[in-house]
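Beneath this line is the structure, given in structure tokens, with notes to follow.
The values are calculated or read from the model by the stated rules, or taken from the named source; none is laboratory data. Quick caveat, the model's predicted, so the values are computed rather than measured. As a convention, Cβ positions derive from the backbone with ideal geometry for all residues, glycine included, and neighbour counts pool all protein chains shown.
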Amino acid sequence: MEKTVFDQMNETVYHEKLTNGLNVYIVPKKGFNKTYVTFTTNYGSIDNDFIPNGEKEFLHVPDGIAHFLEHKMFEKEDGDVFQKFSSQGASANAFTSFTRTAYLFSATSNVKENTETLIDFVQAPYFTEQTVEKEKGIIGQEIRMYDDNPDWRVYFGLIENLYKNHPVKIDIAGTVESIADITKDHLYTCYKTFYHPVNMTLFIVGPVDPEEMMAFVRENQDKKSFPDPIPVERRFPEEQNESAVKHRSIKMSVKTPKCEVGLKFPVLDLQGAEKLKYEFAAELLLEILFGKSAPFYEKAYNSGIIDETFGFDYTGERGFSFAIIGGDSEKPEKLSEQIKNQLLEAKKGKHITEEAFERARKKKIGAALRALNSPEFIANQFTRYQFNGLNLFETVPLLETLKVEDVIEFAQKQIDENSFSSCFVEPKETA
């Protein structure tokens, strides 16, 4: 078992790669009451074109299958796993993102029992055609519910504008039509390919003894047999740098229009510190240009173009990278135009001053330090960083090395007028 001490963060990470390929990370937190455990596979909604374990040809599976599989994992022949966690005093959950599927629990007692329950249920799939058909109705209702959510519609409407071919443009849950094609065999194929221990990470954070917990997990895994690991081979369609659609307007029952502007970044094959530096440069640029202390925000707010819902976000994962800026606005066309102008001015060297950079960086460092006091945040974010060749506890030291020139260079190289798109949700016409 490896032990890595991050002195600046006052954190210690214990790591062991078990003989079956499973990566186990433990972060002991003395003085905390609650333990968080996540069991995550490097598999998300975009992974719908791959070579199944043991085969040679690529297979395309229905959209939404990773999310569907996550739902079905909790249902076993002898009942629902949620009930078992509850009886052991734990709160369990799961989520599917574009690139990950995570199963997790939090508990103040019975940590070993709940860890065993988590590992065992994820490593014992049980699907039948009957339960798969039943789930289609449940997930279909969930999809329809999100279809009625204006925030969700404007978000995915914008991503669909940005990308022509990449599966990130497809809702994580898929569509009612796509999930109708999912079969029990599809689920087992995806499970056998992506849920092998070599493609997964177990992460434990809380008031635990690392040696004791690692021995416990090791003993659990030594009792089980798995096929020889084969590296997962995925395939993604080629994607142009420019946005696929420049604008889309969706009519819904809203009182105030919603305006979101997207900027698609070129796909760069970055890992480790270089990927983290790229990500931070993007996030600091957005904070400098659109944060609440930026002149843009004050001017737009005082003129009534934006309200408290205005915000921004950067997303960068396997094969895609984009920024989204916007919120509710009575004047979506004007807001969209001003956001784009602000970005294009930054590309020419405006707005990114040393003073604005330092303010944005200090804010981000402060937020990162506060977040690292939360075991829940650590549990949910550590694996995401690890799958990208990063370590969560290296984020603040790297942030401290960034210079204003890094953000200026990012703006000059990555902002492209052809990569903009906008999406509005506007009130339906009344008769």
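Taking the stretch 41-81 as the range and being of a type in the set (Lys, Arg) and part of a helix (DSSP H, G or I) as the test, only 72 passes.
Check the stretch 30-37 and report whether any residue there is within 23 Å of the chain's Cα centre (by Cα), within 30 Å of residue 140 (Cα to Cα) and either assigned to a strand (DSSP E or B) or in contact (Cβ under 8 Å) with a residue 24 or more places away in the chain (or both).
yes
Answer yes or no as to whether residue 342 is crowded, with 19+ Cβ neighbours inside 10 Å, in a helix (DSSP H, G or I), more than 20 Å from the chain's Cα centre (by Cα) and in the same structural domain as residue 309 (by TED's automatic domain parsing). Spelling it out, residue 342 is indeed crowded, with 19+ Cβ neighbours inside 10 Å, in a helix (DSSP H, G or I), more than 20 Å from the chain's Cα centre (by Cα) and in the same structural domain as residue 309 (by TED's automatic domain parsing).
Which of the residues belonging to the stretch 248-267 are farther than 29 Å from residue 360 by Cβ and either without any contact (Cβ under 8 Å) to a residue 40 or more places away in the chain or not in a loop (DSSP other than H, G, I, E, B) (or both)?
Those that are farther than 29 Å from residue 360 by Cβ and either without any contact (Cβ under 8 Å) to a residue 40 or more places away in the chain or not in a loop (DSSP other than H, G, I, E, B) (or both): 248, 249, 250, 251, 252.
Scanning the stretch 268-307 for residues that are farther than 20 Å from residue 423 by Cβ, without any contact (Cβ under 8 Å) to a residue 60 or more places away in the chain and not aromatic (Phe, Trp, Tyr) turns up 268, 269, 270, 274, 279, 292, 295, 298, 299, 302, 303, 304. The single residue among 326, 366 that is outside any helix (DSSP H, G or I) and either outside the structural domain of residue 47 (by TED's automatic domain parsing) or of a type in the set (D, E, K, R) (or both) turns out to be 326.
Determine, yes or no, whether residue 65 is β-branched (Val, Ile, Thr) and under 15 Å from residue 102 (Cα atoms).
yes
Does residue 231 fit the bill of being touching a residue at least 40 places away in the same chain (Cβ under 8 Å), out of contact with any His (no Cβ under 6 Å at 6 or more places or on another chain) and either among the β-branched types (Val, Ile, Thr) or not assigned by TED's automatic domain parsing to the domain that holds residue 290 (or both)? No: the conditions fail for residue 231. Can residue 240 be described as out of contact with any Cys (no Cβ under 9 Å at 6 or more places or on another chain), of a type in the set (S, T, N, Q) and surrounded by 16 or more Cβ atoms within 10 Å (Cβ to Cβ)? Criteria not met by residue 240.
Taking the criterion of being in a helix (DSSP H, G or I), without any contact (Cβ under 8 Å) to a residue 60 or more places away in the chain, among the acidic types (Asp, Glu) and closer than 30 Å to residue 32 by Cα, would at least one residue in the stretch 202-223 satisfy it?
yes
When 371, 360, 323, 411 are screened for being closer than 30 Å to residue 27 by Cβ, hydrophobic (A, V, I, L, M, F, W, C) and in contact with a Gly (Cβ under 9 Å, 6 or more places away or on another chain), only 360 passes.
Among residues of the stretch 336-348 that are touching a residue at least 12 places away in the same chain (Cβ under 8 Å), those with a Cβ under 8 angstrom from a residue that is surrounded by fewer than 18 Cβ atoms within 10 Å (Cβ to Cβ) and acidic (Asp, Glu), sequence gap 6+ or separate chain, pair up as 340/417; 344/417. When 308, 376, 317, 333 are screened for being over 27 Å from the mean Cα position of the chain (by Cα) and in the same structural domain as residue 397 (by TED's automatic domain parsing), only 333 passes. Answer yes or no as to whether residue 78 is touching a Lys or Arg at 6+ places or on another chain (Cβ under 8 Å), of a type in the set (Asp, Glu), in the same structural domain as residue 114 (by TED's automatic domain parsing) and on the phi < 0 side of the Ramachandran plot. So residue 78 fails the test.
Step by step: first the residues of the stretch 380-418, then only those that are modelled with pLDDT under 95, assigned to a helix (DSSP H, G or I) and of a type in the set (A, V, I, L, M), then the one that is surrounded by the most Cβ atoms within 10 Å (Cβ to Cβ). Which residue is that? Ranking the qualifying residues of the stretch 380-418, first place goes to 392.
Residues in the stretch 2-29 that are in contact (Cβ under 8 Å) with a residue 24 or more places away in the chain and part of a loop (DSSP other than H, G, I, E, B): 8, 9, 18, 19, 20, 21, 22, 29.
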